[in-house]
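The values are calculated or read from the model by the stated rules, or taken from the named source; none is laboratory data. Not measured: the values here are computed from a predicted model. Cβ placement follows ideal geometry from the backbone for every residue including glycine, while neighbour counts extend to all protein chains displayed.
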Ligand SMILES: C[S@@+](CC[C@H](N)C(=O)[O-])C[C@H]1O[C@@H](n2cnc3c(N)ncnc32)[C@H](O)[C@@H]1O
């Protein structure tokens with residue numbers, strides 16, 4: 001597919017921001033407290049190979065996503081998500097930004113757990129289409145097309161923020177973390193979930209076998225697009241864990257202005273939940 005221009009233009013009309021997205025099938029309209037913001041999505045022709053790959057990867061996963069994700073983590077990933085959502089500690093007056101929301105699994109869990117307002121943001125129009133469907137009759141979830149690297153929100157606008165399986169797809173982890181922290185109010189909780197690699201050599205060998213052999217086969221049984229995911233995930237997770245082991249990532253969270261960072265290694269380290277609180281003042 002040739003260069004797909006995905007420029008998002010906002011214009012301010014009567015205190016609402018209307019967003020039109022040239023890449024989506026239908027125009028995307030978001031009401032917003034984002035008056036004055038002009039937000040551009042980077043086009044595929046300008047994006048790095050990593051970003052272009054992320055956009056392509058999630059284009060064709062379709063309605064199988066929710067079940068396939070659970071299958072490919074041996075049923076563990078819903079448990080990891082619940083742990084992350086429990087760390088958020090929101091309430092019915094809280095507004096939470098869910099970044100890399102995808103089909104909306106985390107947003108839905110946040111709604112169930114806290115009855116809070118949720119903004120579900122993702123850069124994939126195809127994944128967001130499933131979120132939009134999921135929340136079509138829930139006015140307290142706003143679905144927004146956007147990129148984690150430059151969020152279309154004001155500083156300190158959210159009470160809490162979640163991001164799930166995001167950082168392996170961005171070029172600049174520290175800069176992206178800084179941008180995520182920016183939009184949270186001081187004292188707000190930031191929580192994330194990412195895949196990890198077990199630290200025990202025996203379990204790591206088993207993990208290697210599962211990710212290199214089982215995932216591609218399981219993916220192939222679902223579809224050609226899932227086969228690509230199955231082949232990609234193992235090496236990608238291992239590389240991310242090598243460069244950003246949880247302790248180093250936690251240090252980076254701290255440098256981004258998050259304090260009391262905690263790490264929960266789940267399923268022997270195959271899932272890593274991390275959370276902390278935005279510091280009141282940067283040192
Ligand atoms: C594996 S899915 C996770 C979806 C969901 N959070 C979940 O738990 O099932 C990763 C999501 O990250 C999104 N994504 C990747 N890079 C992104 C970025 N830079 N900004 C926003 N979303 C991004 C993808 O489009 C995809 O929907």
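Odds and ends about this structure:
- A search for C-beta distances below 9 Å between a residue of region 161-173 that is closer than 15 Å to residue 193 by Cβ and more than 9 Å from the ligand (Cβ to nearest atom) and any residue that is part of a loop (DSSP other than H, G, I, E, B) and modelled with pLDDT of 95 or more, counting only pairs 6+ apart in sequence or on different chains, returns 161/183.
- Of the helices (runs of 4 or more DSSP H) lying entirely inside region 62-167, the ones with 1 or more residues being modelled with pLDDT of 95 or more are found at 77-88, 105-114, 125-134.
- Some residue of region 136-143 being touching a strand residue (DSSP E or B) at 6+ places or on another chain (Cβ under 8 Å), surrounded by fewer than 19 Cβ atoms within 10 Å (Cβ to Cβ), free of Cβ contacts under 8 Å to residues at least 40 places away in the same chain and farther than 30 Å from residue 206 by Cβ: yes
- Matching option when the condition is in contact (Cβ under 8 Å) with a residue 24 or more places away in the chain and within 13 Å of the ligand (Cβ to nearest atom), among 147, 157: 147
- For the residues 197, 229, the requirement of being in contact (Cβ under 8 Å) with a residue 24 or more places away in the chain, surrounded by 16 or more Cβ atoms within 10 Å (Cβ to Cβ) and not in a helix (DSSP H, G or I) singles out 197.
- Filter result for residue 55 (under 16 Å from the mean Cα position of the chain (by Cα), modelled with pLDDT under 95 and in a loop (DSSP other than H, G, I, E, B)): no
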